[in-house]
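K.L.:
First, the structure itself, so that you have it in front of you.
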Amino acid sequence: MDLDHRTTGAAAATAIPSAILKPLPPEVFVVHGASAETRWAAMRGQGHHTPTDRFFVRNHTATPLIDAAAWRLRLHGDGLPAPRAITYDELRALPATVADIAIECAGNGRAHFSAQRGTDYPGIPWGLGAIGVARWRGVPLRVLLELAGVRPAAVAVMPRGLDASYVEDGVDHGRVRRPLPIGKALDDVLVAYEMNGRPLPPDHGFPARLVVPGWSGVASIKWLGDIEVSCAPLSSPWTTEFYLMTGPGHPAGPDAALAEQVVKSAFELPWPARLRAFAPQVLHGRSWSGHGRVIRVEVSVDGGRVWRAAELLRPPAGDAGRSWTRWRLGWTPGAPGPAELMARATDATGARQPLASGPNDLGYHFDAVVRHPVTVVA
Ligand SMILES: Nc1nc2c(c(=O)[nH]1)N[C@H]1C(S)=C(S)[C@@H](COP(=O)(O)O)O[C@H]1N2
Ligand SMILES: [Mo]
């Protein structure tokens, strides 16, 4: 199965006109309806950050164009003494933080999940390209909540986007929104207005978006319009119907909602790759985890019998372990014929990629080692 250049699967391969505004050159992106994933081969030679024009896009509907001058971020709810509205200029005048943070869709790797388990999971058949790392600049959500006088009794916030309501199978789920517990909201969440040193582009949430380190991408609400602050727990269809773990071994309840992302690795190679026999290569890749920094990456070129430690590149100054780890390893392919490359990462919590991921109904949180096909040519 061609998991990077996937053209099978009816809806998946058809671009929805103007759902995404930036150019989607086919050598960089695989388009899935209103969303697009980055090809891993297009990350080869790039620095630590995903260039903005190569960053994947996940849209539930379509990118809206928002007038920053008329825009307000409204904070409201019984967790505040009074509602408060913040303008774009006010937001940019508040104390800001700059941080390297990955955003990854919870369904990233789903096509590999389907292929490994022989099951067709519903949802976007992402390869491994529904992840990007950017240098974000923004105001800690904590600063905004404190400015608005958040009450000690507040337990949850509900950020909501300004894009159109999400309608699926005739059901209107309302605008994209996903609650966060107050602990996470006050910890490391950013209200970002810059991506890689430039104002956010429309596709990535202009004028402001949430960036929620380590958590499933849906928490990082784009085109942020309002945030409810509540003294009672909150839920939305994005925590009760989608973006949750269901199926055998996954009990229902509030803990089923996806939070931290899992460990993954990818080679910066075309799928399949063509490499020359007996010619020394340097294999490049990246590994990441929502739990914390990746501390070890091992590569096997013989189907998993021998694992060799890859050399980890030093993260850029200031990287707090919320992005990814770049790595490389020398390899000289043998005689012409098929080969497979495998990479296996371990994060700072000790979580290591298994050879197969445990199933769940919607194909989320794939973390297994992927067998990257290579054709060794004469
Ligand atoms: N308002 C809004 N926010 C959103 C979405 C959306 O469709 N609407 N998609 C979410 C999902 S599922 C993901 S994975 C990330 C993707 O961010 P990106 O498009 O900037 O890569 O945005 C999240 N924020
Ligand atoms: Mo997502």
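K.L.:
Taking the residues in segment 85-98 that are in a strand (DSSP E or B) and hydrophobic (A, V, I, L, M, F, W, C) as candidates, determine which candidate is surrounded by the most Cβ atoms within 10 Å (Cβ to Cβ).
P.N.:
Ile86
K.L.:
Working carefully through the options Ala266, Ala219, Ala257, Ala232, find the one that is modelled with pLDDT under 95 and either in contact with a Cys (Cβ under 6 Å, 6 or more places away or on another chain) or on the phi < 0 side of the Ramachandran plot (or both).
P.N.:
Among Ala266, Ala219, Ala257, Ala232, only Ala257 is modelled with pLDDT under 95 and either in contact with a Cys (Cβ under 6 Å, 6 or more places away or on another chain) or on the phi < 0 side of the Ramachandran plot (or both).
K.L.:
If you don't mind, another one. Which of the residues spanning segment 106-134 are more than 16 Å from ligand 2 (Cβ to nearest atom) and part of a loop (DSSP other than H, G, I, E, B)?
P.N.:
Gly118, Thr119, Asp120
K.L.:
To continue, here is another question. Do any strands (runs of 3 or more DSSP E) entirely within segment 177-235 hold 1 or more residues that are more than 13 Å from ligand 1 (Cβ to nearest atom), and if so, which?
P.N.:
So the answer is 190-195, 224-230.
K.L.:
Shifting gears a bit: Only strands (runs of 3 or more DSSP E) wholly contained in segment 301-378 count here; list those with 1 or more residues that are open to solvent by less than 30 Å² (accessible area, probe 1.4 Å) and either free of Cβ contacts under 8 Å to residues at least 40 places away in the same chain or basic (Lys, Arg) (or both).
P.N.:
Numbers: elements: 325-331, 337-347, 371-377.
Correct list: 325-331, 337-347.
K.L.:
Which of the following residues is outside the structural domain of Ala320 (by TED's automatic domain parsing), more than 16 Å from ligand 2 (Cβ to nearest atom) and either open to solvent by 30 Å² or more (accessible area, probe 1.4 Å) or not in a loop (DSSP other than H, G, I, E, B) (or both): Ala62, Ala82, Ala68, Ala102?
P.N.:
Ala82
K.L.:
Scan segment 221-245 for residues that are among the β-branched types (Val, Ile, Thr) and open to solvent by 40 Å² or more (accessible area, probe 1.4 Å) and report the count.
P.N.:
1
K.L.:
Which of the residues that make up segment 128-176 are small (Gly, Ala, Ser), within 11 Å of ligand 1 (Cβ to nearest atom), more than 17 Å from Leu234 (Cβ to Cβ) and open to solvent by less than 50 Å² (accessible area, probe 1.4 Å)?
P.N.:
Correct list: Gly129, Ala130, Gly132, Ala134, Ser165.
K.L.:
Residue check: is Val150 at pLDDT 95 or above and either closer than 30 Å to Gly247 by Cα or not in a loop (DSSP other than H, G, I, E, B) (or both)?
P.N.:
no
K.L.:
OK, next. Sort out which residues of segment 189-206 are charged (D, E, K, R) and surrounded by fewer than 19 Cβ atoms within 10 Å (Cβ to Cβ), and write them in order of number.
P.N.:
Matches in segment 189-206: Glu194, Arg198.
K.L.:
Now, a different point. Give the residues of segment 40-59 that are open to solvent by 40 Å² or more (accessible area, probe 1.4 Å), assigned to a loop (DSSP other than H, G, I, E, B) and either charged (D, E, K, R) or under 21 Å from Tyr166 (Cα atoms) (or both), sorted by residue number.
P.N.:
Listed by number, the residues that qualify are Arg44, Arg58.
K.L.:
Does Arg137 fit the bill of being part of a loop (DSSP other than H, G, I, E, B), closer than 25 Å to Ile20 by Cα and not assigned by TED's automatic domain parsing to the domain that holds Gly321?
P.N.:
no
K.L.:
Does segment 134-153 contain any residue that is closer than 19 Å to Ile221 by Cβ and within 16 Å of the chain's Cα centre (by Cα)?
P.N.:
Yes, some residue in segment 134-153 is closer than 19 Å to Ile221 by Cβ and within 16 Å of the chain's Cα centre (by Cα).
K.L.:
Follow-up. Can you tell me which residues in segment 1-27 are of a type in the set (A, V, I, L, M), at pLDDT 95 or above and surrounded by fewer than 19 Cβ atoms within 10 Å (Cβ to Cβ)?
P.N.:
Hits for segment 1-27 are Ala19, Leu21, Leu24.
K.L.:
Of the numbered conditions (1) within 16 Å of ligand 1 (Cβ to nearest atom); (2) over 18 Å from the mean Cα position of the chain (by Cα); (3) surrounded by 13 or more Cβ atoms within 10 Å (Cβ to Cβ), Glu37 fails exactly one; give the number of that condition.
P.N.:
(2)
The values are calculated or read from the model by the stated rules, or taken from the named source; none is laboratory data. Remember, it's a predicted structure, so these values are computed and weren't measured experimentally. FYI the Cβ positions are ideal-geometry reconstructions off the backbone, even for glycines, and counts take in every protein chain you see. Note: areas computed on protein heavy atoms with side chains; ligands, DNA, RNA excluded. Shrake-Rupley method; radii C 1.70, N 1.55, O 1.52, S 1.80 Å.
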